[in-house]
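Student: What follows is a structure written as structure tokens; I'll ask about it next.
Nothing in this text is a laboratory measurement; each read-out follows from the coordinates by a stated rule. Quick caveat, the model's predicted, so the values are computed rather than measured. Positions of Cβ are backbone-derived with ideal geometry, glycine not excepted, and every protein chain shown enters the neighbour counts.
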């Protein structure tokens, strides 16, 4: 049986939203995308919130949304890339489901994000340098995630199948399918 709630997290461009959508179609679970909930509530895009209110405000709203939805049942929760970096948020997710970290190489991320202009944390000319810098800053936090899937060269369906395998095996550390690439 699949773990009741599945939290999908990871760096921007790893495929969180796409994978979550496909996972919902395959499992029949409900989907909640925390960034979409925040945008709806605030009436602004994530980029606009960062620009007008700042990152501290955004993280506070993000925490409120996660607290409200974490204990729902039979749900796939796609989080923003920084949501579960905060220890409090990470523990909340672990208490309410299984957490899957999606990863990809910086080169793949750059190719996926090259034309994006709506990512507030990538608002720089040298996107590769910014990606590498952010990944290095998040490396220790990401290393604590037990279930990791590198999406660099997998199809969406392959990622979904791996998530389903992980969920069926549960949280038993010895039975975890873990795919990691060094950042």
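Student: Of the candidates 136, 96, 126, which one comes out as most mobile in a Gaussian network treatment of the chain with C-alpha springs shorter than 10 Å?
Tutor: 126
Student: Follow-up. Between residue 129 and residue 53, what is the label-point separation in nm under the 7 Å Cα-to-beta-carbon projection?
Tutor: If labels sit at residue 53 and residue 129, their model points lie 3.1 nm apart.
Student: Beta carbons within 10 angstrom, averaged per residue: use that to sort the peptides 7-18, 149-160, highest first. Present the calculation step by step, with values, prior to reporting the outcome.
Tutor: Working: 7-18: 22.7, 149-160: 17.5.
Per-residue mean Cβ counts within 10 Å order the peptides as 7-18, 149-160.
Student: With a cut-off of 8 Å between alpha carbons and a minimum separation of six or more residues, what is the relative contact order of the chain in percent? Numbers along the way, then the final one.
Tutor: On the way: 259 pairs, mean separation 57.9, N = 183.
Answer for the chain is 32 percent.
Student: Mean-square fluctuation check for the chain, GNM, Cα pairs under 10 Å: which of 68, 39, 88 is largest?
Tutor: 68
Student: Here is a follow-up. Using the Cα gyration tensor of the chain, with a ≥ b ≥ c the square roots of its eigenvalues, what is the shape: rounded (a/c below 1.5), prolate (a/b larger than b/c) or oblate (neither)?
Tutor: Details: a/c = 1.64, a/b = 1.20, b/c = 1.36.
Oblate, since a/c reaches 1.5 and b/c is not below a/b.
Student: Could I have the simple spin-label model distance between residue 61 and residue 91, label points 7 Å from Cα toward Cβ, reported in nm to one decimal?
Tutor: 2.6 nm
Student: Take residue 42 and residue 140, extend 7 Å from each Cα along the Cα→Cβ direction, and tell me the distance between the two endpoints in nm.
Tutor: Calculated label separation equals 2.7 nm.
Student: Using only DSSP helix segments of four residues or longer, with each worth -39500 (n - 2.57), what per-residue ellipticity at 222 nm results for the chain after dividing by its residue count and rounding to 500? Display every interim value, and only then the final one.
Tutor: Working: 8 runs with 93 residues, N = 183.
Estimated from H runs of four or more residues: -15500 deg cm²/dmol.
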